[in-house]
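Written below as structure tokens is the structure these notes are about.
The values are calculated or read from the model by the stated rules, or taken from the named source; none is laboratory data. All values reported here derive from a predicted model rather than from experimental measurement. Please note: Cβ atoms are built from the backbone with ideal geometry, for glycine as well, and neighbour counts cover all protein chains shown. With ligands, DNA and RNA removed, areas are computed over all heavy atoms of the protein, side chains included. Shrake-Rupley method; radii C 1.70, N 1.55, O 1.52, S 1.80 Å.
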Amino acid sequence: MKASVHMRQHKLALCRDHYLEWIPEQTERFIKKYEMFRREERVLVAVSGGKDSLSLWDILHRLGYQADGLYIGLGIDGGVGYSDESHRLSEKFASENGLRLHVVDVAKEYGQPIPILAEMSHRGQGRPCAVCGLAKRHIMNRIARDLGYDVLATGHNLDDEAAVLFGNTLQWSGNFLRRQSPALRESPGLARKVKPLCRFYEREMAAYALLRGIEYIYEECPFAEGATSIYYKELLNRLETDKPGSKLIFYLRFLEARETGLFAPAPEEAANLHPCPNCGQPTSTDDLCSFCRMIEKLKTV
Amino acid sequence: MTVKLILRDKEFEVRPGMTLLSSLEKINIIPEAVLATRDGEMILEDEILKDGQVVKLISVISGG
Ligand SMILES: [Zn+2]
């Protein structure tokens, strides 16, 4: 059969059928290599309605893992009904595949949708992305723990990881570099977190969703326009076009360097985490964690 | 004599006889950032585009 996808970084071209087999096989390999989870464990997949998270859910289901979904309603409209549409597509995927989807609506549970929460809390210079990230991390972790899941899986692909890595390297943010990993062990108050797609290019995940016929939200989050992460992805993709494999090497060599101790923690660090008195998730302050502090402050306005 | 490439609401025209890769470079689109389809089928970067063909480009990059 005629090749459909050419992966220059692997010097590999595959037809549709083989590609649709190859991606899950590779995913299985990464799940084992990075000791993400075992078949008897329960996985909670963070589902956004986008190509990566829906493909991840599809792949884990096909591989025979027990994977339920979690959709977080952020209440972002942007004139295109962004959250409503991504919710609809997530529900559609779940029902078509007979899968279980948990839904948390931020406005219902915390009083306001993300854009208003961000405005009221004066975080993130006019962009709600920082507050959105904080809320998503908090909620994913809470649901995984409350409902007894062993592990939380997100759809981050290699381009996502390389862009974050690039940003953290430009700043030499040791704290972030040390924690960036395909699999983060559970710790007091925090669920285990894994990224089974972290070695696939973004383009490969789009090709998987397309060839598999997964209907995903094509529109970008209205707040992502002009985001630094997208700019970094663009820079890395220019490099990739000129030198195929650059992105992959950048990321893999980083993982190796971290494994061999290039980013060892400063000795006094690490121990200084306390459980938040409200939610139990770890925080570096003696008081409420930043999410609970944000929600608390809103009640007083 | 043209080949049409469409990305979201933008249309580009290039001359036929070039590969998809050269055509993308001509219109300043990073090849890594898109998938190309013709008549619903994905096509590869070394494919030579012919007169009258319409190529639909799918952006693969998202934020976050
Ligand atoms: Zn808290």
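The table below gives the values:
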item: Unmet requirement for residue A:110, which otherwise passes all of (1) surrounded by 15 or more Cβ atoms within 10 Å (Cβ to Cβ); (2) of a type outside the set (A, V, I, L, M, F, W, C); (3) modelled with pLDDT of 95 or more; (4) farther than 27 Å from residue B:59 by Cα; result: (3)
item: Residues of segment B:30-56 satisfying the condition of being within 11 Å of chain A (Cβ to nearest Cβ), touching a helix residue (DSSP H, G or I) at 6+ places or on another chain (Cβ under 8 Å) and in a strand (DSSP E or B); result: B:34, B:35, B:36, B:37, B:42
item: Selection count where residues are open to solvent by less than 70 Å² (accessible area, probe 1.4 Å) and within 9 Å of chain B (Cβ to nearest Cβ), scope segment A:227-239; result: 6
item: Within segment A:109-143, tally of residues that are outside any helix (DSSP H, G or I), within 20 Å of the chain's Cα centre (by Cα) and polar (S, T, N, Q); result: 0
item: Criterion: touching a strand residue (DSSP E or B) at 6+ places or on another chain (Cβ under 6 Å) and either open to solvent by 30 Å² or more (accessible area, probe 1.4 Å) or at positive phi (or both) - qualifying residue of A:62, A:100; result: A:100
item: Per-region count, segment A:174-222, residues hydroxyl-bearing (Ser, Thr, Tyr), over 15 Å from the mean Cα position of the chain (by Cα) and open to solvent by less than 20 Å² (accessible area, probe 1.4 Å); result: 1
item: Test: residue in segment A:68-88 that is modelled with pLDDT of 95 or more, touching a His at 6+ places or on another chain (Cβ under 9 Å), closer than 22 Å to residue A:22 by Cα and not in a helix (DSSP H, G or I); result: no
